[in-house]
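S.K.: Can you read through this structure? Questions will come right after.
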């Protein structure tokens, strides 16, 4: 699994891992049932501490994006569409919409941008 981590960014590495895995699932790059690298393997591949990867996997598991067990490791969970967005997701979206409004975008510009990003596969 190739991740692009920005060690100079303000966003913690474990959240960068989490976000890239979520986007990989959303784009269809990671399918339900697909096995993810072990914590040790991903940490070595990225040159980071195993606890950082473990924290990302724990968060993904709590959010329902992956399932873990001792024998099969971490695998992508089936889609959670019926559950709808989490409270945190909605709060994050509300904040981003506020930022776009403050940047001078009107409703139609925001909707056009959302359509474009959605069609691009949430890149």
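All of the numbers you see were taken from the coordinates with simple rules; none came from a lab. It should be emphasised that the depicted structure is a prediction, and the values quoted were computed from it without experimental measurement.
S.K.: What do you get for the angle between helix 107-119 and the principal long axis of the chain? Use alpha-carbon atoms, 0 to 90 degrees, nearest ten.
M.R.: Compared with the principal axis, the helix lies near 30 degrees.
S.K.: Can you tell me the 0 to 90 degree angle between the C-alpha axis of helix 13-27 and the longest principal axis of the chain, rounded to 10?
M.R.: 70 degrees
S.K.: Here is a further query. Evaluate the relative contact order of the chain (contact order divided by residue number), counting alpha-carbon pairs under 8 angstrom at least 6 apart; express in whole percent.
M.R.: Reported as a whole number, the value is 24 percent.
S.K.: Suppose we take every Cα in segment 41-86 and form the convex hull; what volume per residue is that in Å³?
M.R.: Here the figure is 90 Å³ per residue.
S.K.: Something else now. Cα convex hull of segment 13-80: how many Å³ per residue?
M.R.: That works out to 77 Å³ per residue.
S.K.: Once the Cα atoms of helix 87-102 and of the chain are each reduced to a long axis, what angle between those two axes, in degrees from 0 to 90 to the nearest 10, is obtained?
M.R.: The helix 87-102 is inclined about 40 degrees to the chain.
S.K.: I'd like the distance between the alpha-carbon centres of segment 91-123 and segment 1-57, rounded to an integer number of Å.
M.R.: Computed from Cα coordinates, the inter-centre distance equals 25 Å.
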